[in-house]
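First up is the structure itself, then whatever we jot down about it.
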Amino acid sequence: MAFRLTGIFKAAAGNFPIKTPFFWLTTPLFAFGIFCLFSESGSILKLYPILMNLMFLFIFGITLFMPTSIIFRFAVLMDKSIPSSPWNKKIAEYCRKVTIVWCCFFILNGSFAAYTVFFGSDTLWTIYNGGIVFVLMGLIFAIEYIIRKIIQKKTHLAVPLSAFKKNSRNPWLILCYKGAWGEKHYKTWKDFIKETAKLRKYINQKGLEKKRWLLYSEDCWYFLIAFTALLQCKKEILLSANISQGYIAEIRGSADGIVPFLTDQTPAGEQDFIHIPAVLADISVKHSDLKEVPAINADETSIIMYTSGSTGEPKAIKQRLTEFEKDNSGIISLRGEEFLKRKTCSTVSHHHMYGLLYSILLPFTIGVPFRRKMIDFPGELENLTCASYMFVSSPAFLKRAVKNETPFTLKSPWIFSSGGLLEHKTAEKTNDVLGFWPIEGNGSTETSGVAWRQSCKGPEWTPLDTVQLSQAEDGCLIVRSPYIKDMSGFKTSDMIELLSDGRFLLKGRIDSVVKIEEKRISLTEIENRIMQSGYAEDVCVISMEGSRQYLAAVIVFNNEGIKKFEGLEKNLINKFWREYLSQYLENVVIPKRWQYPKELPVDTQGKKRKEDMILLFSEEIKGESLE
């Protein structure tokens, strides 16, 4: 009994400090209850049921005014997966209702116990408090258990990659689909178990001595199969951002020894590679091979993601599956219910953090089907009207999508956007054309998810529940989260204004501030001024070196801009922008060179790289006119 009461105290208290009124009130009640049990006075002993009901009513009741009820805390103690479950909020609400039921029981039971003390006979007191009350409690437990099991059958359990077993899902549960959902080209849980076993068998046969394996697969299904099999075989995974020959060569050259290369593509050049579809076709597995599914120890995994960053060269960032799944649990608890209502498809690469988490690992964890191939062109959305979809996208893709004059007839879509800032105007057009105002995510490969916003509700960013933010002396954002192993946090290059309510405003990047002839100027400020003209759809301002440092601007015109500058020579267009910016900027920091392409060059994540912009100026023709 004492052990159970101790557990109740722990669950009710949560993180409460010992000196709170909670402990000052409940401790005397508990002590008095013990006194009643050992007292030789019959009249005092008869008060014991009343006091215990009062104590339990207080303990259970006070948690109704806290973020989580005591029953929910019991549930979490028994099942650690609940906080990361997509049904987290519904479970919390259900547990709150159960807590209310118990509070009502303690009131009624305590009242009748008082009646037996003050108005009933000793026989009535003994029969009720020594027998009937336990029958009533048993009935409540039994009824709640039956209701809970019925509800559980209707819920999706969260099964992270590190915790799945052969029977974690129904064998016919659909994990993946090709094309549109209505085309019915599916891959099931049974396929997942079988095909991971095939690749696992191949890896163990061919690469026992090879610790590091390089993976690049454009097909999300093949990627998941290979990714899982490599982790089960305790291999270190190198994830390439692209499949260009030079990029792959740099990654393989930076690793010690020969690195086997798993892919679903046919790489250019004479590269050695292992073709995933061919392996799956050639390898056969017996029933005995499918009986045991090797466990994945998330803490012992090693996943190296290569990102080009701002230099264009592969930059290695090492992570574990532990951090991926911690980050996923926060996303699931915040948006899991919306994912459950939809099929997932993506316009971003899963070889980067954002795409990997949202496009593959998160849908796998909650049992939601995801699309095998990335959406490359906005026109493909016309075929996705057979079901409700969750779109994992980027600002670059959405800018192209909203050029469509006729709205897409999508069914209750949700759209996430990350990889860069989404302009308010583009977000508004996305709502008009695609039917949903995008939810933006802020983060990076180094930090993973940091914050989110829906710009129709304001420009402020709201940190994720698992994230703690602070500001460095130079105004840059410092992030601390379970994803970041360094306890001091990670300092980003984003300059922010930290608000009193914990949210923040982005003020550009510190690397976007340059000094031109001793004058500090924000490239973001110049870009914003150009956008404010009403003639630009997109813009990028960069610093360049000649005999001295100067700025250059690359501008993509919107429809108004095309009409205004059509037929004009380039020197006249340049003159307009110099005169326009002279209203706000000193002459020395106004861009000296200009280019007007039809669209800005971006990488697979929709990010603008300085090197690509510089190439636009390499063959500049004076006097060219806008076409």
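Carbon-plus-sulfur fraction of the accessible area of region 212-354, 1.4 Å probe, in percent?
On the way: 2640 of 5560 Å².
Answer for region 212-354 is 47 percent, counting heavy atoms of protein chains only.
Over the Cα atoms of region 218-352, what Rg and Dmax result, in angstrom?
Considering region 218-352 through its Cα atoms, Rg and Dmax are 16.7, 49 Å.
So which chymotrypsin sites (Phe, Trp or Tyr not before Pro) in region 558-600 end up in coil per DSSP with only 13 or fewer other C-beta atoms within 10 Å?
On the way: sites: PHE565, PHE576, TRP577, TYR580, TYR584, TRP594; in loops: TYR584.
Loop-located and lightly packed - TYR584.
Distances longer than 16 Å among the Cα atoms of region 456-557: what percent of all pairs is that?
67
Per the Kirkwood treatment, what hydrodynamic radius in Å, one decimal, follows for region 504-613 from the mean inverse distance over all distinct Cα pairs? It would help to have the intermediate numbers written out before the result.
Numbers: mean 1/r = 0.0682 Å⁻¹.
By the Kirkwood definition, the hydrodynamic radius is 14.7 Å.
Counting only C-alpha contacts under 8 Å and six or more residues apart, can you give the relative contact order of region 77-177 as a whole percent? The partial results should precede the final answer.
Values: 21 pairs, mean separation 39.0, N = 101.
Reported relative contact order: 39 percent.
If you average 1/r over all unlike Cα pairs in region 521-562 and invert the result, what Kirkwood radius do you get in angstrom? Each step should come with its number before you reach the end.
Values: mean 1/r = 0.0918 Å⁻¹.
Over region 521-562, the inverse of the mean reciprocal pair distance is 10.9 Å.
What is the distance in Å between the Cα centroid of region 362-407 and that of region 65-107?
One Cα centre to the other: 36 Å.
Is it possible to state the helix-based mean residue ellipticity at 222 nm for the chain, with each DSSP H run of 4+ residues giving -39500 (n - 2.57), the sum divided by total residues, to the nearest 500 deg cm²/dmol? What is it? If you can, show how the numbers build up before the last one.
Details: 21 runs with 247 residues, N = 627.
One gets -12000 deg cm²/dmol as the mean residue ellipticity at 222 nm.
Across all directions of projection, what mean area in square nanometres is found for the Cα convex hull of region 377-468? Let's see the in-between values first.
Working: hull surface 25.3 nm².
Averaged projected hull area, Cα only: 6.3 nm².
Along Cα→Cβ, 7 Å out, is where each label goes; now give me the distance between the ones at GLN471 and SER488 in nm to one decimal.
The two pseudo-label positions are separated by 2.1 nm.
With an 8 Å cut-off on Cα pairs and a minimum separation of 6 or more residues, tell me the relative contact order of the chain in percent.
Details: 1007 pairs, mean separation 53.5, N = 627.
Answer for the chain is 9 percent.
What is the distance, in nm, between label points placed 7 Å from the Cα along the Cα-to-Cβ direction at THR123 and at ASN242?
9.2
Cα-based Rg of the chain per 2.2 N^0.38 Å, rounded to two decimals? Mind showing how you got there, number by number?
On the way: Rg = 30.7 Å, N = 627, 2.2 N^0.38 = 25.4 Å.
The value comes to 1.21.
Assuming R0 = 35 Å, what is the FRET efficiency of MET137 and GLU337, from their Cβ-Cβ distance, to the nearest 0.05?
Values: r = 33 Å, r/R0 = 0.94.
With a Förster radius of 35 Å, E is 0.60.
Could you tell me the largest-minus-smallest coordinate of the C-alpha atoms of region 334-416 on each of the three principal axes, in descending order and whole angstroms?
Here the Cα extents, ordered largest to smallest, are 37, 25, 23 Å.
Largest first, please: the extent of the C-alpha atoms of region 61-174 along each principal axis, to the nearest Å.
That gives 63, 30, 19 Å along the principal axes, largest extent first.
Once every Cα of region 194-258 carries one equal point scatterer and solvent is ignored, give the base-10 log of I(q)/I(0) from the Debye formula at q = 0.12, 0.13 Å⁻¹, two decimals.
Log10 of I(q)/I(0), two decimals: -0.30, -0.36.
From the C-alpha coordinates alone, can you work out the Kirkwood hydrodynamic radius of region 401-531, in Å?
Values: mean 1/r = 0.0609 Å⁻¹.
Kirkwood radius, region 401-531: 16.4 Å.
Express in whole angstrom the spacing between the alpha-carbon centres of region 410-432 and region 280-298.
So the two Cα centres are separated by 41 Å.
At a Förster radius of 22 Å, what calculated FRET efficiency corresponds to the Cβ-Cβ distance of ASN404 and GLU183, to the nearest 0.05?
Working: r = 22 Å, r/R0 = 1.02.
The formula returns an efficiency of 0.45 here.
For ASN559 and SER302, compute 0.36 nm times the residue count separating them, minus their Cα-Cα distance, and round to one decimal in nm.
On the way: separation 257, 0.36 × 257 = 92.52 nm, distance 4.86 nm.
Stretched fully, the ASN559-SER302 segment lengthens by 87.7 nm.
May I ask you to compute the full-extension gain from ARG593 to LEU615, defined as 0.36 nm times their residue separation minus their alpha-carbon distance, rounded to one decimal in nm?
Values: separation 22, 0.36 × 22 = 7.92 nm, distance 1.28 nm.
That works out to 6.6 nm of additional length.
Counting heavy atoms of the protein chains only and a 1.4 Å probe, report the per residue accessible area for the chain as a whole number of Å². Kindly include the intermediate steps, with their values, before the conclusion.
Details: 31340 Å² over 627 residues.
Computed with neighbouring chains in place, this is 50 Å² per residue.
For region 276-367, compute Rh as the Kirkwood radius over C-alpha pairs and then the Stokes-Einstein diffusion coefficient at 20 °C and 1.002 mPa s; write the answer in µm²/s, rounded to an integer. Intermediate values should be presented prior to the final figure.
Numbers: Rh = 15.9 Å.
Reported coefficient: 135 µm²/s.
The values are calculated or read from the model by the stated rules, or taken from the named source; none is laboratory data. The structure displayed is predicted, hence computed values, not measured ones. Every residue, glycine as well, gets a Cβ built from its backbone with ideal geometry; the counts of neighbours run over all protein chains shown. Heads up: the accessible areas ignore ligands, DNA and RNA and are worked out on the full protein's heavy atoms, side chains in. Shrake-Rupley method; radii C 1.70, N 1.55, O 1.52, S 1.80 Å.
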